[in-house]
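S.K.: Dropping a structure here in structure tokens format, bear with me for questions.
The values are calculated or read from the model by the stated rules, or taken from the named source; none is laboratory data. The shown structure was predicted, so the numbers you read here are calculated from the model rather than taken from an experiment. Quick reminder, even Gly has a Cβ in these numbers, built from the backbone with ideal geometry, and neighbours come from all protein chains shown. Keep in mind that these areas ignore ligands, DNA and RNA; they rest on the heavy atoms of the full protein, side chains included. Shrake-Rupley method; radii C 1.70, N 1.55, O 1.52, S 1.80 Å.
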Amino acid sequence: MRLIHCSDIHLDIPFGDILTQEKSATRKQELITAFSNMVEFAAAERVRAILITGGLIDAEHISRHTLDMVYKAVRSNPDIIFALLPGSSYETAYFSGEKNLPENFRIFSELDKKITIDDVDIYGVYDASKLPLLDEKQTNIVVASGVSQLRGFEERGIAYLGIGLERTYRHGDLKGGGYYCAPGSLEALTFTEGGNKGFIEIYVSKGQLSPVFVRSGKRLCYEIDVDVTGAMSVDEVADNTRHGLSLQKGINGAAMVHVNLVGRMDLDHIIDDKLLQKTLAREYFAVSVTDTDVDFDITVDGITENTLRERFIRRVSEGNESLELKKEIIRAGITAISGGDVF
């Protein structure tokens with residue numbers, strides 16, 4: 001028998017705060033395609049059940065069109081059980097209010113936390129304390145959402161523990177036997193979700209389980225630290241970023257890139273992170289730039305206030321704001337004075 005474990009799909013999640021409207025629409029469609037491709041894979045592999053640990057949909061933004069697409073995929077594959085452990089109260093409430101759910105669409109709840117397929121018992125819980133005594137004659141699979149530690153699930157006769165609400169793939173052995181795995185999301189949902197994206201195919205034979213990661217992600221995310229110490233211009237930092245990214249295996253123009261500026265920034269050469277982002281965005285699908293780890297000294301020694309820039313720095317430095325806020329104000333102000341864009 002074959003099973004699939006996936007997590008954090010989040011169909012119709014909005015990307016408006018990190019992507020343009022056009023690219024947000026593209027990315028949302030790619031999530032739908034990733035789900036559809038996984039279902040097609042399951043049908044071709046004759047998978048008996050797809051176990052979803054949280055976040056099938058973004059319950060606050062899901063459209064009827066997308067949901068109907070999900071139900072069509074479920075109904076078109078009646079031999080596959082789609083078992084969802086909701087990832088939030090919103091998702092629980094949403095499906096609780098749905099009428100005419102497909103017969104092969106199951107939702108784990110406090111009252112219905114077990115599915116049995118052949119000699120495999122599958123449980124869906126949010127806390128190890130809610131897990132009943134397991135039948136040692138059965139092969140036991142547990143899916144759990146929002147689990148921060150393995151304690152409580154170890155030495156319980158669990159052959160496979162599937163973890164949800166983790167965006168990055170991780171796996172290992174359970175103490176006392178068995179495996180645990182957090183498959184991560186089918187597609188990256190933020191810029192900081194590095195690594196491969198996909199789902200787990202589980203082979204079950206005579207009580208033995210063999211989990212295999214199957215890649216599904218269309219776009220990979222890459223994160224890089226770029227030192228701005230001594231940098232004289234945005235172009236110089238952009239070149240350093242390109243060089244650093246070129247050393248990362250497999251990167252191409254379809255990638256989502258997060259650039260974290262580090263080091264010390266010279267007040268005479270403020271690097272406009274938004275301009276850097278716009279410059280690199282021409283070369284990759286999407287780019288995010290942060291500079292929260294950049295430091296610079298706010299000193300007023302030697303400032304004569306002969307220029308608007310010097311007056312501005314002195315006025316801000318003498319204010320009552322926190323040091324971090326002063327840095328942000330000065331950074332934005334100098335950028336504006338220099339003719340840069342302030343977002």
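S.K.: Among the residues of region 116-130, are any open to solvent by less than 60 Å² (accessible area, probe 1.4 Å), at negative phi and assigned to a loop (DSSP other than H, G, I, E, B)?
M.R.: Applying the first criterion (open to solvent by less than 60 Å² (accessible area, probe 1.4 Å)) to region 116-130 yields 117, 120-125, 128.
Checking which are at negative phi leaves us with 117, 120-125, 128.
Checking the rest, the ones that are also assigned to a loop (DSSP other than H, G, I, E, B) come to none.
No.
S.K.: Moving on. So which residues in region 219-245 are buried (at least 16 other Cβ atoms within 10 Å of the Cβ), among the hydroxyl-bearing types (S, T, Y) and not in a strand (DSSP E or B)?
M.R.: Residue satisfying the conditions is T241 alone.
S.K.: For region 108-124, name all the residues that are free of Cβ contacts under 8 Å to residues at least 24 places away in the same chain and touching a Pro at 6+ places or on another chain (Cβ under 9 Å).
M.R.: S109, K113, K114, Y123
S.K.: Being of a type in the set (A, V, I, L, M), closer than 24 Å to F108 by Cα, assigned to a loop (DSSP other than H, G, I, E, B) and in contact (Cβ under 8 Å) with a residue 60 or more places away in the chain narrows it down to one residue among L186, L209; which is it? Spell out how you get there, then give the answer.
M.R.: Working: L209 fails: assigned to a loop (DSSP other than H, G, I, E, B).
Exactly one of L186, L209 is of a type in the set (A, V, I, L, M), closer than 24 Å to F108 by Cα, assigned to a loop (DSSP other than H, G, I, E, B) and in contact (Cβ under 8 Å) with a residue 60 or more places away in the chain, namely L186.
Yes or no, residue by residue, for (1) within 21 Å of S185 (Cβ to Cβ); (2) in contact with a Leu (Cβ under 8 Å, 6 or more places away or on another chain):
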| position | (1), (2) |
| --- | --- |
| P132 | no, no |
| T139 | no, yes |
| A144 | yes, yes |
| S148 | yes, no |
| R151 | no, no |
| G157 | no, yes |
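S.K.: Here's another thing I want to ask about it. Can you pull out every residue in region 189-206 that is out of contact with any Cys (no Cβ under 7 Å at 6 or more places or on another chain), assigned to a strand (DSSP E or B) and not β-branched (V, I, T)?
M.R.: Across region 189-206, the qualifying residues are G198, E201, Y203, S205.
S.K.: Is there a residue in region 21-35 that is open to solvent by 20 Å² or more (accessible area, probe 1.4 Å), out of contact with any Gly (no Cβ under 8 Å at 6 or more places or on another chain), touching a residue at least 24 places away in the same chain (Cβ under 8 Å) and hydrophobic (A, V, I, L, M, F, W, C)?
M.R.: Yes, that holds for at least one residue.
S.K.: Just to check your reading of the model, which residue among G157, G146, G152 is of a type in the set (G, A, S), over 27 Å from K72 (Cα atoms) and over 27 Å from the mean Cα position of the chain (by Cα)? Show your work before the answer.
M.R.: Numbers: G146 fails: over 27 Å from the mean Cα position of the chain (by Cα); G152 fails: over 27 Å from the mean Cα position of the chain (by Cα).
One residue alone meets the criteria, G157.
S.K.: Out of region 96-106, which residues are open to solvent by less than 60 Å² (accessible area, probe 1.4 Å) and either under 20 Å from I122 (Cα atoms) or aliphatic (A, V, I, L, M) (or both)?
M.R.: Result: L101, P102, N104, F105.
S.K.: Also: Restricting to region 170-195, name every residue that is open to solvent by less than 40 Å² (accessible area, probe 1.4 Å), hydroxyl-bearing (S, T, Y) and more than 19 Å from R219 (Cα to Cα).
M.R.: Y180
S.K.: Moving on. Just the residues that are open to solvent by 30 Å² or more (accessible area, probe 1.4 Å), in a helix (DSSP H, G or I) and among the hydroxyl-bearing types (S, T, Y), please, taken from region 36-73. Explain how you work it out, then say what you get.
M.R.: Here is the first cut: in region 36-73, the ones open to solvent by 30 Å² or more (accessible area, probe 1.4 Å) are 36-37, 40-41, 43-46, 48, 60-61, 63-65, 68-69, 72.
From what is left, the residues that are in a helix (DSSP H, G or I) are 36-37, 40-41, 43-44, 64-65, 68-69, 72.
Passing the criteria: only S36.
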